[in-house]
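The values are calculated or read from the model by the stated rules, or taken from the named source; none is laboratory data. Just so you know, these numbers come straight off a predicted model, no measurement behind them. Here the Cβ positions follow ideal geometry from the backbone for every residue, glycine too, while neighbour counts run over all protein chains shown. These area figures cover heavy atoms from the full protein model, side chains too; ligands, DNA and RNA do not enter into them. Shrake-Rupley method; radii C 1.70, N 1.55, O 1.52, S 1.80 Å.
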Amino acid sequence: MISNQSLRNMILVGLFAIPFLAFFVSKSMLFPFISGKNFGFRIITEIIFVLWAILAIKDAEYMPKKSWVLYSFMLFIGFLGLANLFGENPNKAFWSNFERMEGFITSIHLFLYFLVLSSVAFVKKTWDQLLGTWIGVSVVMCIFGLVQLAGLAVINQGGARVDGTFGNAIYLAVFLMFTFFFTAFFMVRFLGGKKSLAWFLVPIGVLQFVILYYTATRGALLGLLGGLFTATVIIAIGEKQNKFIKKMAIGSLAFLFLIVGGFWAIKDTGFVKESPVLARFSEISLSEIKTQGRYFIWPMAIKGIGERPLLGWGQEGFSYIFNTNYNPLMYAHEQWFDRAHNTLLDWLVAGGLLTFIPYMALFVFSLFYLWKHDNFNFSFAEKAVLTGLVAGYFFQSIFVFDNLFSSILLVSVLALAHANSQKERMTLPGSLKIPSVQNAISLVLICILVTTLYFWNVKPIQAGRNLIKGMSAVQQGNMDSSLDYFEKVFSSGTFAVSEAREQFISIAGRYLSQDVPEDIRVRYASLARQEAERHVKKYPNDARGRVFYGNLLRSMGLNDQALEQYGKALELSPNKQTFLFEIGSSLINKGEYQMAYEVLEQAYELAPDFYQAQVIYLFGALYAGDNAKVVELLGTINNDELIFDERLVSVLADLERFEDLVALFEARLLTERGAGVLQNFISLSSVYVEMGQYQKAIDLLRGVADKNPEVRTQMEGYIEEINMIRGR
């Protein structure tokens, strides 16, 4: 029998291991920066929860405390579960997908983590060690950020925004915002006594701030500044015991005003505008917000909340609101938003008011227990810093949605407040104190653990790896092998199936290529249609799934069936131009040019300034033979961009409008961008050949050869082919 102390030690090992998941990147899975961390957190949480449950029934000292933080969390989870059950897509609400790895399953694990952490870490020393571990992890992460800035390590999302091992600058920024406040928490403690230790923490805080700055994440930096402002105001006004800390707070407050005011004064200077990071902050304004996706999606979220105010749409339900209320003026933005990019709105969408009220109560009661209870004997300044952290979290939440580590860190703060509350704990019935009953419960808990580890983690991990192997096999040309891997994913019965279907259908062109053996093409077509059909039957209101199915059918030449799926997608999202584009393309494939023209006109009228809508409407006019409209559109479309649009070349060639093709390639050759491109000369010569103007084609290619001796052999080969055609 394992001793209570051994159980506690194993639990603490798990709790202290969680911060180090920040460095875990699983390259063998889809979305390697997301999936590995999440599965790691789930596995550790499930193990330590079962160990804690066994420990708690053996020793009442480890039972949860009674507090309104715990009760609020329980209500939050309970109502969120109901919201998911009655939501638009209960399956996805529970499991989420590899890209997000959130859903109700993550919410459950966060609650279990809260229970374990707040019940086992009930002494101040343990919390100091845990917060210190988070700070230590952040220091290593910041050093890696410096390595990225120096160009010695790749910035994973590209550009200049440091992302550490999170693969996303926003995720790193929020992580550093939390750990910066943890550092400040210890600084104000040491300023009350061991000042040398406080000054030792200063460079750590500076390093955290510098790397956060280089993430160029405005929401997190504003959250940090807002949280610091809150904390320093509280200390400056309310600190009575330590005059030095009070003076430091007043000085910090003045420094904050100086920094913000100074930046505001120089925000329009060349120095700021030429800096990729500073320029992002200088652009913050009401007018700039109007150019962001949030300007469009926040009203959508509010409308969706009004439609289902009590229990919302379930987690992962925002995409349904987005598609139904899509604003055609969003053509320059992401076409598949699945979040409102505002944490408060996201929770209202997911769980409605019944979930949102206990969610907000978590913060209210946490602050209450931090200030009104003294289990850990926090100083006034320490409480102020933790309050500033909560305020900072709220500031940044206005602009971003939660991720795994922001949620873990937030729940850790909630657990700290709960652990700081009254000492009264919950009690178990007397029958559970009987050793034989405890042993039986322990055995049941271990069996449950084995089951969840396999079905919640091992199976999805295997499916995710098979999905990666299947996609890699396609890249390598091993089409038969890739099908085997995809079949394993589809038969796994895990949440990887939906992700795999989308990936499988999106690469239809690779499988249906004439270079692929016919038996594999037939096998792919059968499996792809089967899985796509299953998806739309299971999720009939998923517009994205309908479009993917339509694309698959069109790639198989089944335009009528594709139109049926596109039509249903359009019913679900009537203002989405891209759906109308797909319908128009399918009608053109069928030769129904006039009908296609009318559909593409509808897409154009939704947003006449949308370049893609202009060009595709032009294609419709060309196919319909409306030359007057063609001339009209050519007068409005950006010609410098249009002449390099290869789709226009395909349309003109399909319609055998060779004179127009000649004019297009001649226009390219008159531009700096196209004058030196060999392919433009070759393409123009090909058009001359189609027109029967063989000598023109030959003269053009000879001129290219004379000016570019290095391609003479290639040009002579083309000329020989033209002579052969002319001689037939």
### Query
If you take the residues of the range 304-327 that are in a helix (DSSP H, G or I) and of a type in the set (Gly, Ala, Ser), which of them is most open to solvent (accessible area, probe 1.4 Å)?
Gly306
### Message
Can you find, within the range 367-387, the residue that is surrounded by the fewest Cβ atoms within 10 Å (Cβ to Cβ) among those that are of a type in the set (Ser, Thr, Tyr) and within 18 Å of Val411 (Cα to Cα)?
### Response
Thr387
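Yes or no, residue by residue, for (1) basic (Lys, Arg); (2) surrounded by fewer than 21 Cβ atoms within 10 Å (Cβ to Cβ):
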position	(1), (2)
Gly132	no, yes
Gly145	no, no
Met187	no, no
Lys195	yes, yes
Tyr214	no, no
Thr217	no, no
Ala220	no, no
Leu225	no, yes
### Query
If a residue has to be β-branched (Val, Ile, Thr) and closer than 21 Å to Ser412 by Cα to count, how many in the range 1-26 make the cut?
3
### Task
Please give the number of the condition Ala473 fails out of (1) within 17 Å of Ile520 (Cα to Cα); (2) open to solvent by 40 Å² or more (accessible area, probe 1.4 Å).
(2)
### Message
Looking at Thr217, Thr183, can you tell me which residue is of a type in the set (S, T, N, Q), at pLDDT 95 or above and under 30 Å from the mean Cα position of the chain (by Cα)?
### Response
Thr183
### Query
Can you name every residue in the range 669-728 that is among the β-branched types (Val, Ile, Thr), open to solvent by less than 40 Å² (accessible area, probe 1.4 Å) and within 45 Å of the chain's Cα centre (by Cα)?
Thr671, Ile682
### Query
Do we find a residue being free of Cβ contacts under 8 Å to residues at least 60 places away in the same chain, surrounded by 24 or more Cβ atoms within 10 Å (Cβ to Cβ), of a type outside the set (Asp, Glu) and not in a helix (DSSP H, G or I) anywhere in the range 153-163?
yes
### Message
I'm told Asp560 meets every condition in (1) surrounded by fewer than 17 Cβ atoms within 10 Å (Cβ to Cβ); (2) without any contact (Cβ under 8 Å) to a residue 24 or more places away in the chain; (3) not in a loop (DSSP other than H, G, I, E, B) except one. Can you identify the failing condition by its number?
### Response
(2)
### Task
Please list, ordered by first then second residue, the pairs with beta carbon atoms under 8 Å, 6 or more apart or interchain, first in the range 328-340 and surrounded by fewer than 18 Cβ atoms within 10 Å (Cβ to Cβ) and at pLDDT 85 or above, second aromatic (Phe, Trp, Tyr) and outside any loop (DSSP other than H, G, I, E, B).
Leu329/Phe296; His333/Phe296; Trp336/Phe322
### Criterion violated by Ala463 - all others in (1) hydrophobic (A, V, I, L, M, F, W, C); (2) in contact (Cβ under 8 Å) with a residue 40 or more places away in the chain; (3) closer than 22 Å to Thr494 by Cα; (4) crowded, with 20+ Cβ neighbours inside 10 Å satisfied
(2)
### Task
Could you tell me which residue of the range 134-143 is most open to solvent (accessible area, probe 1.4 Å), considering only residues that are of a type in the set (A, V, I, L, M) and under 15 Å from Phe405 (Cβ atoms)?
Val140
## Note on the structure
Here the residues within the range 489-502 that are in a helix (DSSP H, G or I) and crowded, with 18+ Cβ neighbours inside 10 Å are Val489, Phe490, Ala496, Val497, Ser498, Glu499, Ala500, Arg501
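Residue-wise test of (1) touching a Lys or Arg at 6+ places or on another chain (Cβ under 7 Å); (2) modelled with pLDDT under 95; (3) surrounded by fewer than 18 Cβ atoms within 10 Å (Cβ to Cβ).
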| site | (1), (2), (3) |
| --- | --- |
| Pro19 | no, no, no |
| Ser26 | no, yes, no |
| Asn38 | no, no, no |
| Glu61 | no, yes, yes |
### Task
Return the residue satisfying two criteria in turn: it lies in the range 593-625 and is charged (D, E, K, R) and at pLDDT 95 or above, and of such residues it is surrounded by the most Cβ atoms within 10 Å (Cβ to Cβ).
Glu601
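Using the structure shown, decide if Lys423 is of a type in the set (Lys, Arg) and without any contact (Cβ under 8 Å) to a residue 40 or more places away in the chain. Steps first, please.
Numbers: of a type in the set (Lys, Arg): yes; without any contact (Cβ under 8 Å) to a residue 40 or more places away in the chain: no.
So Lys423 does not fit the description; no.
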### Summary
Checking Phe180, Phe166 in turn, the sole residue that is within 13 Å of Met141 (Cβ to Cβ) and part of a helix (DSSP H, G or I) turns out to be Phe180
### Query
Taking interchain pairs and intrachain pairs at least six residues apart, which have beta carbon atoms under 8 angstrom, with the first residue in the range 184-202 and within 18 Å of Lys383 (Cα to Cα) and the second assigned to a helix (DSSP H, G or I) and among the aromatic types (Phe, Trp, Tyr)?
Leu191/Phe244; Ala198/Phe186; Ala198/Phe190
### Query
When only residues in the range 3-21 that are touching a residue at least 40 places away in the same chain (Cβ under 8 Å) and of a type in the set (Val, Ile, Thr) count, which is farthest from Thr126 (Cα to Cα)?
Ile18
### Query
For the range 63-105, which residues satisfy the criterion of being polar (S, T, N, Q) and either open to solvent by 30 Å² or more (accessible area, probe 1.4 Å) or under 20 Å from the mean Cα position of the chain (by Cα) (or both)?
Asn89, Asn91, Ser96, Asn97
### Query
Given the residues Glu646, Glu666, which is the only one that is open to solvent by 50 Å² or more (accessible area, probe 1.4 Å), of a type outside the set (A, V, I, L, M) and over 28 Å from Tyr331 (Cα atoms)?
Glu666
### Query
Do you know which of the residues in the range 197-212 that are loosely packed, with under 15 Cβ neighbours inside 10 Å and either touching a Lys or Arg at 6+ places or on another chain (Cβ under 8 Å) or of a type in the set (Val, Ile, Thr) (or both) is nearest to Met177 (Cα to Cα)?
Val206
### Summary
Note on the range 228-256: residues open to solvent by 70 Å² or more (accessible area, probe 1.4 Å) and either part of a loop (DSSP other than H, G, I, E, B) or closer than 17 Å to Ala391 by Cβ (or both) are Phe229, Ile237, Lys240, Gln241
